[in-house]
Amino acid sequence: MYDGTIPSGVAILKDKYRLNEGTISKLLGLDITTLDDDYMSHYTDQTNHAEYALPFLVGALDATSDDTKLSGVIDGFMHYFDLSIEALALYAEITPVEMKNFISDPSSLSIEKKYHMGMRFMLLHFVLKESYRVEAD
């Protein structure tokens, strides 16, 4: 069971997802082979990243619906980048009305359109991911 610590998350990644130490180290951005019980006394940006990423990697992705995840991505684009509903609709290749309806009621959009939008937004997020770290003046 995941208790919020890096060692318990690492154990789940090994046992449940059958990841090796090298892969886990890459995902978390720290060398798990040198991780000891006193790792919090050596807290770093990598430790912070590992604590942020682990809940998602060990199962939090299952805690919400795919529609909720997609809505969260849309909210992020609107919040961080001030992208309008119209701009997001154009990126998703749907109409602004369809985008507004999806935001209000995710079941209003067909699974095919949600899949298409999700794939396009996943790529857009990947391209923009470094921009999330830059604070606007």
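Given the criteria within 30 Å of residue 106 (Cβ to Cβ), modelled with pLDDT of 85 or more and under 20 Å from the mean Cα position of the chain (by Cα), does residue 24 qualify? Reasoning before the result, please.
Details: within 30 Å of residue 106 (Cβ to Cβ): no; modelled with pLDDT of 85 or more: yes; under 20 Å from the mean Cα position of the chain (by Cα): yes.
Criteria not met by residue 24.
Please tell me if residue 60 is of a type in the set (A, V, I, L, M, F, W, C) and farther than 25 Å from residue 1 by Cα.
Values: of a type in the set (A, V, I, L, M, F, W, C): yes; farther than 25 Å from residue 1 by Cα: no.
Taking the combined requirement at face value, the residue does not satisfy it.
Just to be sure I understand, how many residues within the range 75-102 are at pLDDT 95 or above and closer than 21 Å to residue 61 by Cβ?
1
Could you give me the residue pairs with C-beta distances under 9 Å whose first residue belongs to the range 5-23 and is of a type in the set (Lys, Arg), whose second residue is surrounded by 15 or more Cβ atoms within 10 Å (Cβ to Cβ) wherever it lies, and which are 6+ apart or on separate chains?
The qualifying pairs are 14/24; 16/58.
The values are calculated or read from the model by the stated rules, or taken from the named source; none is laboratory data. These numbers come from a predicted model, not from an experiment. Neighbour counts run over all protein chains shown; Cβ positions are idealised from the backbone, glycine included.
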